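A quick write-up on the structure given underneath.
The values are calculated or read from the model by the stated rules, or taken from the named source; none is laboratory data. As the structure is a computational prediction, the values presented were derived from the model and not from experiment. No Cβ is skipped: glycine too gets one built from the backbone with ideal geometry, and neighbour counts run over all protein chains shown. Protein only, heavy atoms only, side chains kept; ligands, DNA and RNA dropped before computing areas. Shrake-Rupley method; radii C 1.70, N 1.55, O 1.52, S 1.80 Å.
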Amino acid sequence: MGYTLIVDDSATERSIITGCLKEVGINVSVALSGEEALKKIEQKFPDLIVLDVVLPGRSGFEICRELKGAANTSKIPIILCSTKGTEMDKFWGMKQGADAYIPKPIDQEELVRKVKELIS
């Protein structure tokens, strides 16, 4: 059904997101940092990226802006997923080019619905 890259430094969050996406038949790969994500994207373009905002090194906002600004990755849908869930955080995430912003703790049904919508 598609290939999604999950970028999150929290093992618990990665496990929850991976589990709910695999349950609906989505292939998943994980990265623990933005830098690792960029390397994985060079090797294989995902159909969608679920990206945490608070990451070691560069923030998810920076990674999102970089991916959306590059011609070869600008069309990959990105869902920002973060504990930073204020309206200002959501606004800023969308300004960076995100296709959706889901606050943590994630609503698994909302995540699956949004992933299916963006990769269909």
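Could you please give the count of residues in region 25-37 that are more than 19 Å from Leu118 (Cβ to Cβ) and open to solvent by less than 30 Å² (accessible area, probe 1.4 Å)?
Narrowing region 25-37 to residues more than 19 Å from Leu118 (Cβ to Cβ): 32-36.
Restricting the remaining residues to those that are open to solvent by less than 30 Å² (accessible area, probe 1.4 Å) gives 33-34.
Count: 2.
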Pairs with Cβ under 8 Å, 6+ apart, first in region 41-58 and of a type in the set (Val, Ile, Thr), second part of a loop (DSSP other than H, G, I, E, B) and crowded, with 24+ Cβ neighbours inside 10 Å: Val50/Asp8
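Identify, please: which residue in region 1-19 is open to solvent by less than 20 Å² (accessible area, probe 1.4 Å) and not aliphatic (A, V, I, L, M) and is, among those, modelled with the lowest pLDDT?
In the first step, residues of region 1-19 are kept if they are open to solvent by less than 20 Å² (accessible area, probe 1.4 Å); the result is 2, 4-8, 17.
Remaining after also requiring not aliphatic (A, V, I, L, M): 2, 4, 8.
On the way: Gly2: 88, Thr4: 97, Asp8: 97.
Step by step, filter region 1-19, then rank; the result is Gly2.
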Those residues of region 93-120 which are surrounded by fewer than 16 Cβ atoms within 10 Å (Cβ to Cβ) and among the small types (Gly, Ala, Ser), in sequence order: Ser120
Candidates Lys40, Lys22, Lys90, Lys44 - the one that is within 25 Å of Ser120 (Cβ to Cβ), surrounded by 18 or more Cβ atoms within 10 Å (Cβ to Cβ) and among the basic types (Lys, Arg): Lys90
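Matching residues to (1) assigned to a helix (DSSP H, G or I); (2) without any contact (Cβ under 8 Å) to a residue 12 or more places away in the chain:
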site	(1), (2)
Ile79	no, no
Met88	yes, yes
Met94	yes, yes
Ile102	no, no
Ile106	no, no
Leu111	yes, no
Lys116	yes, no
Residue satisfying all of: in region 71-87; surrounded by 17 or more Cβ atoms within 10 Å (Cβ to Cβ) and of a type in the set (Ser, Thr, Tyr); modelled with the lowest pLDDT among these: Ser82
